[in-house]
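**Student:** Quick one: structure below, then a few questions.
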Amino acid sequence: MTSWITGTPYAAILDTASRGALEPLKPQLIPAGTVLFRPGDVPFGFVLTISGRVNVYLNSRTGRELLLYSIDPGQTCVQTTLGMLGSQPYSGEAIAESDVVAAVVPPATFDRLVRESDDFRRFVFKAFGDRLGEMTHLLEMVAFVKVELRLAQWLLAQADADGLVRATHAEIASVIGSAREVVSRRLEALSGRGIVSLDRGVVRIIARNELQRIAGGP
């Protein structure tokens with residue numbers, strides 16, 4: 001019988017002992033839109049994503065939200081790692097962006113593997129370090145980079161071959177760490193200058209060179 005680990009990013013990461021401990025786990029289907037955890041929840045296990053994507057958000061009391069990071073196959077959740085290692089409750093909210101298939105490592109199994117498996121421990125801490133680096137970059141962007149520049153950079157990164165970006169103003173605000181009203185005003189200004197055109201849920205880049213100039217690119 002083929003192991004669920006075969007064909008996943010974890011196959012090249014885990015040693016024989018850790019694979020043997022994880023193979024009995026039964027992967028679960030998590031439907032799109034499912035909330036995996038909310039602020040204050042206690043981690044129920046260490047999630048290994050096999051397919052799909054989970055987004056982790058930080059929500060403010062005023063209703064604003066910031067996309068902290070996304071979890072794809074082979075990646076981990078820094079908040080879950082903190083909770084498993086230090087008994088910390090969640091401070092963010094995780095939502096399945098798409099249908100997700102994942103295996104949940106029980107806390108006792110996680111603790112044992114961190115103690116006994118060099119490969120598993122190395123995987124956990126490397127992924128944790130990578131996530132912290134991403135979050136530090138996000139913090140720097142939100143704290144020190146102007147909204148218009150962040151918006152231009154994100155639009156250029158997300159546009160397809162036709163220059164289309166399919167996202168609502170609220171979704172864009174969440175990703176770049178701003179308010180929906182601010183993003184809407186910036187987009188309207190770009191539209192008024194003929195750099196983009198706006199439709200419901202779609203931004204079309206018209207003057208890519210000018211947008212690159214705003215983004216600080218060549």
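Bear in mind these aren't lab numbers, they're just calculated from the coordinates by the rules spelled out. Computed from a predicted model, the values in this text were never measured in an experiment. Neighbour counts are summed over all protein chains in view; Cβ atoms, including those assigned to glycine, are modelled from backbone coordinates with ideal geometry.
**Student:** Using modelled backbone amide H atoms (1.01 Å from N, in-plane), which distant-in-sequence or interchain residues come within less than 5 Å of Val100's amide H?
**Tutor:** Ile30, Ala32
**Student:** Can you run phi through the Karplus equation (6.51, -1.76, 1.60; θ = phi - 60°) for the range 77-90 and list ³J(HN,Hα) in whole Hz, with x for Gly and Pro?
**Tutor:** Each residue's phi maps through the Karplus curve to give 9, 5, 5, 5, 4, 4, x, 6, 7, x, 6, 8, x, 5 Hz.
**Student:** Using just the helices of the chain, give the 222 nm mean residue ellipticity in deg cm²/dmol: DSSP H runs with n ≥ 4 each add -39,500 (n - 2.57), and the total is spread over all residues, rounded to 500.
**Tutor:** Value at 222 nm, helices only: -13500 deg cm²/dmol.
**Student:** Can you list residues whose amide H is under 5 Å from Gln88's amide H, if they're 5+ apart or on another chain and H is modeled 1.01 Å from N?
**Tutor:** Under 5 Å from the amide H of Gln88 lie the amide H atoms of Gly83, each far enough along the sequence or on another chain.
**Student:** With +1 on the Cβ of every Lys and Arg and -1 on the Cβ of every Asp and Glu, and nothing else charged, how large is the dipole of the chain about its Cα centre, in debye rounded to the nearest 20?
**Tutor:** 460
**Student:** For the range 154-166, take each phi angle, set θ = phi - 60°, evaluate the Karplus expression 6.51 cos²θ - 1.76 cosθ + 1.60, and give the result in whole Hz per residue in order, putting x for glycine and proline.
**Tutor:** With coefficients 6.51, -1.76 and 1.60, one gets 5, 4, 5, 6, 9, 5, 7, 4, 8, x, 9, 10, 9 Hz.
**Student:** For the residue pair Glu181 and Lys146, what label-to-label distance in nm results when each label sits 7 Å from Cα along the Cα-to-beta-carbon direction?
**Tutor:** 2.1
**Student:** Given the options Ala12, Ala127, Ala179, state which has the largest fluctuation in a GNM of the chain using a 10 Å cut-off (strictly under) for Cα springs.
**Tutor:** Of the options given, Ala12 has the highest mean-square fluctuation.
**Student:** Further question on the same structure: Specify which labelled value, from [x] 27, 21, 17; [y] 37, 18, 16; [z] 30, 18, 17, agrees with semi-axes √(5λ) of the Cα gyration tensor in Å derived from the coordinates of the model shown.
**Tutor:** It is the one labelled [y].
**Student:** Which net charge results for the neighbourhood of Phe125, defined as the other residues with beta-carbon distances under 12 angstrom from its beta-carbon, given Lys and Arg at +1 and Asp and Glu at -1? Kindly include the intermediate steps, with their values, before the conclusion.
**Tutor:** Values: positive: Arg121, Arg122, Lys126, Arg131; negative: Asp118, Asp119, Asp130.
That sum, taken over residues with Cβ under 12 Å, equals +1.
**Student:** Using a cut-off of 13 Å between beta-carbons, work out the net charge of the residues near Glu148 (Lys and Arg +1, Asp and Glu -1, Glu148 not included).
**Tutor:** Counting the neighbours of Glu148, the net charge comes to +4.
**Student:** Ranking Phe44, Phe128 by Cβ neighbours within 10 Å, fewest first, what do you get?
**Tutor:** Lowest count first: Phe44, Phe128.
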